[in-house]
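Working notes, beginning with the structure itself.
Please treat every number below as a calculation from the coordinates, not as lab data. Treat the numbers as computed from the prediction; the structure is a model and nothing was measured. Counting neighbours? That spans all protein chains shown, and the Cβs are built from the backbone with ideal geometry, glycine included.
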Amino acid sequence: MAALSDELKIGSMRLRNRIALPPLTTNCADKDGKVTESILRFYGDRSKHLGLVIVEATAVRADGRIVPGSLGLWDDGQVDGMSRLAAAIREKGAVPVVQLNHAGARCTPRGGEMQGASPSGVRFRPDVDPFAMSIAQIEEVAVSFAEAAGRAVAAGFEGVEIHGAHFYLISQFLSPLTNTRNDRYGGDARARATSALEVLQKVRRKVGSKPALLFRINAVENVEGGQTLEDAVTAGRLLAENGADCIHVSLVTGASWKEENGKRFLVAASALPKNAPAGANVSLAAKMRKETGLPVISVGKLGEGSAAADAVADGSVDMVAIGRQMIADPDAAGKLLAGEVEDIIACKQCMNCFASLGKGPVTCKVNEEMGK
Ligand SMILES: Cc1cc2nc3c(=O)[nH]c(=O)nc-3n(C[C@H](O)[C@H](O)[C@H](O)COP(=O)(O)O)c2cc1C
């Protein structure tokens, strides 16, 4: 039987335990995508008990940010701050990894050639006009991922996570709902994984064999026409064959079409709602593990009760990630490891954290330190 406190190896990374911080956009970088004191504080406060810390979605191009305060690694001038961030995480005994992302048509509107980039022109916001990318543009963005990964490793991160979930750019290529291309980037689940594989291969070539490569994927997209678990497993197998070290299994919990000023757009959610059972995603991650042979990280309300311990106990998943509960109580992982579950200051699952990102730095109804 495995325990949360057991060590774990993922690729070249040696992790002191099996709890990870999943990527959590704080919207606290400066206008140039650089690390700020409040970012150093956020990660420093949360790294002290964790095995792995996956730093929030960090843009590979200036036109691929999720929010105006997204971190960036599109420029060498961003490496110094990211080195301080990696060091701050390592100092507390956790292993630092950074999530690399291009938000595609789900980006914050700040201009740039790839603002609104998408496989097939599906709209995600009323204020960002989507466009279907040319093959040259798809290749250009893959190069940006590789260059950003090179900077991440130069900054001292032990690995990178490619963001292939939540309907950002790579996820849009994977999903049949948002990818209706009829060139080599579209078609069945294998063909839709082409862009993800090209990014992975270019990143691997850039960073060499040592750094760990994680890939975050939607196990399912709970929306009509979205990706199924079978599709995700097909992509997962290809990722495994092409050098991924780990799959971080997330999902789209729900999505709906909205309309403003005659513009129809898709709004998607990536966190389980209050009424969903703790650990509702574990079986999806377990299936991915079984079918790909890769270590998997499971996520989704795993900060409650014995859900995290149960998920790793029988080997269904290798590691658990705890998101909102770590915003509400930075010591939640330490309390879980110490068996002091009743001392955890509970996340209310009110979704205020998500909503706050639309206005500025992330805030929390439980933890008033956030947003200061
Ligand atoms: C405020 C906030 C920001 C998030 N930012 C990211 C992100 O940058 N990248 C990502 O892949 N997921 C992001 N997520 C999703 C989380 O990583 C996680 O999958 C989700 O919160 C479910 O886990 P939980 O139930 O433990 O909170 C974010 C979630 C929250 C609450």
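Key figures for this structure:
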quantity: Criterion violated by ARG192 - all others in (1) closer than 26 Å to VAL55 by Cβ; (2) buried (at least 23 other Cβ atoms within 10 Å of the Cβ); (3) of a type in the set (D, E, K, R) satisfied; calculated: (1)
quantity: Of all residues making up segment 191-237, the number that are among the β-branched types (Val, Ile, Thr) and either in contact with a Pro (Cβ under 9 Å, 6 or more places away or on another chain) or within 16 Å of ASN101 (Cα to Cα) (or both); calculated: 4
quantity: Any hit, segment 60-67, residues being assigned to a loop (DSSP other than H, G, I, E, B), within 11 Å of the ligand (Cβ to nearest atom) and not charged (D, E, K, R); calculated: yes
quantity: For VAL143: the one exception among (1) within 25 Å of GLY236 (Cβ to Cβ); (2) among the hydrophobic types (A, V, I, L, M, F, W, C); (3) buried (at least 20 other Cβ atoms within 10 Å of the Cβ); calculated: (3)
quantity: In segment 222-253, residue farthest from ILE162 (Cα to Cα) [restricted to those that are in a strand (DSSP E or B) and in contact with an Asp or Glu (Cβ under 9 Å, 6 or more places away or on another chain)]; calculated: VAL252
quantity: Within segment 309-365, tally of residues that are aromatic (Phe, Trp, Tyr) and within 26 Å of LEU4 (Cα to Cα); calculated: 0
quantity: Inter-residue pairs, beta-carbon under 8 Å, first over 18 Å from HIS248 (Cα atoms) and in segment 321-336, second near the ligand (Cβ under 7 Å from one of its atoms) and polar (S, T, N, Q), 6+ apart; calculated: ALA332/GLN325
quantity: Failed condition for MET114, given (1) in a loop (DSSP other than H, G, I, E, B); (2) over 15 Å from ASP63 (Cβ atoms); calculated: (2)
quantity: Selection count where residues are surrounded by 17 or more Cβ atoms within 10 Å (Cβ to Cβ) and either among the aliphatic types (A, V, I, L, M) or on the phi > 0 side of the Ramachandran plot (or both), scope segment 3-58; calculated: 22
quantity: Segment 19-46: number of residues that are part of a loop (DSSP other than H, G, I, E, B) and either away from the ligand (no atom under 15 Å from the Cβ) or in contact with a strand residue (DSSP E or B) (Cβ under 8 Å, 6 or more places away or on another chain) (or both); calculated: 13
quantity: Those residues of segment 9-22 which are more than 10 Å from LEU214 (Cβ to Cβ) and in contact (Cβ under 8 Å) with a residue 24 or more places away in the chain, in sequence order; calculated: SER12, ARG14, LEU15, ARG16, ASN17, ARG18, ILE19, LEU21, PRO22
quantity: Any helices (runs of 4 or more DSSP H) falling wholly within segment 291-372 and containing at least 1 residues that are within 29 Å of ALA235 (Cβ to Cβ) and within 14 Å of the ligand (Cβ to nearest atom); calculated: 307-313, 324-328, 352-356
quantity: Number of the condition not met by GLY262 [criteria: (1) over 19 Å from LEU52 (Cα atoms); (2) touching a residue at least 60 places away in the same chain (Cβ under 8 Å); (3) of a type in the set (Gly, Ala, Ser); (4) away from the ligand (no atom under 16 Å from the Cβ)]; calculated: (2)
